[in-house]
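The values are calculated or read from the model by the stated rules, or taken from the named source; none is laboratory data. These figures come from a predicted structure and were not determined experimentally. Cβ: placed from backbone, ideal geometry, glycine included. Neighbour counts: every protein chain shown.
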Amino acid sequence: MNKRSGIGSKKRIVDAALKLFSEYGYSKASMRMIANASGISIGGLYLYFKNKDELYLTLIKSRLDELADVTRQSLKGISDPADALIKFISLQLAYAKRHRELILVQGREYGFVFGMSAKKKFFKVQRGFIEGVIRKGIRSGVFKKCNVKETAKIIICTLRGFILSLIVETDALFSPHECSKLLLNGLLKKE
């Protein structure tokens, strides 16, 4: 098997797994179903992934890496820190909505603990994006001085709350615009 066909096969497997995990849940989607959906033999599937847990972890990592890459590319050309923060929030919320089914599977079947080290690494990178935007905003005079690390944690945790709302209380979902407006302006009246 050449490298290119191996990469293509692995991508087909991960894409099929995403669809089946979203549709049937982790526990009901079998490796045989995933092999059939990806057009590969069950033996071939096990050449790429030793078990369903490894496949699921690969899927989670690929989605987190995809979001980190999209975020990095999207923020690269934005010079205004307020616009960068709005873009960051919009991207995160849109991505969560687009991959709602996978998030539901994780919440229902694992309580979000599966793949925790990959998630911690991802959130550390995301906090780094936000910290950079906040520091740039403070330096340029667009943002007032604040505790950068704590502010970044608050923003990330607010967005995690949105993701939890996808599972628990879908009518509590908020708009990226309103979230950005509140984070940028706060609740206090300006004098």
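Within region 126-135, if we keep just the residues that are surrounded by 16 or more Cβ atoms within 10 Å (Cβ to Cβ) and not acidic (D, E), the residue that is farthest from K61 (Cα to Cα) turns out to be I134.
Is it fair to say K76 is within 19 Å of the chain's Cα centre (by Cα) and either surrounded by fewer than 12 Cβ atoms within 10 Å (Cβ to Cβ) or of a type in the set (K, R) (or both)? The answer is yes for K76.
Of the residues A68, A118, which is of a type in the set (G, A, S), under 23 Å from D15 (Cα atoms) and in contact (Cβ under 8 Å) with a residue 60 or more places away in the chain? Result: A118 is the single residue among A68, A118 that is of a type in the set (G, A, S), under 23 Å from D15 (Cα atoms) and in contact (Cβ under 8 Å) with a residue 60 or more places away in the chain.
Could you give me the residue pairs with C-beta distances under 8 Å whose first residue belongs to region 136-165 and is free of Cβ contacts under 8 Å to residues at least 12 places away in the same chain, whose second residue is crowded, with 18+ Cβ neighbours inside 10 Å wherever it lies, and which are 6+ apart or on separate chains? If the second residue must be crowded, with 18+ Cβ neighbours inside 10 Å, the pairs left are I138/V148.
The set of residues in region 20-34 that are in contact with a helix residue (DSSP H, G or I) (Cβ under 7 Å, 6 or more places away or on another chain) and outside any helix (DSSP H, G or I) comprises G25, Y26, S27, A29.
Each row is one residue, and each column tells you yes or no for (1) at pLDDT below 85; (2) assigned to a helix (DSSP H, G or I); (3) among the aliphatic types (A, V, I, L, M).
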position	(1), (2), (3)
R4	yes, yes, no
I7	yes, yes, yes
D15	no, yes, no
L18	no, yes, yes
N36	no, yes, no
G44	no, yes, no
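Considering L166, L173, L159, the condition of being at pLDDT 80 or above and surrounded by 12 or more Cβ atoms within 10 Å (Cβ to Cβ) is satisfied by L159 alone. Residues that are surrounded by 13 or more Cβ atoms within 10 Å (Cβ to Cβ), in contact (Cβ under 8 Å) with a residue 24 or more places away in the chain and closer than 18 Å to G8 by Cβ within region 26-59 comprise S38, I40, G44, L45, Y48, F49, L55, T58, L59, listed in sequence order.
If you check A68 against the conditions, is it surrounded by fewer than 14 Cβ atoms within 10 Å (Cβ to Cβ), at pLDDT below 95 and within 21 Å of C179 (Cβ to Cβ)? No: the conditions fail for A68.
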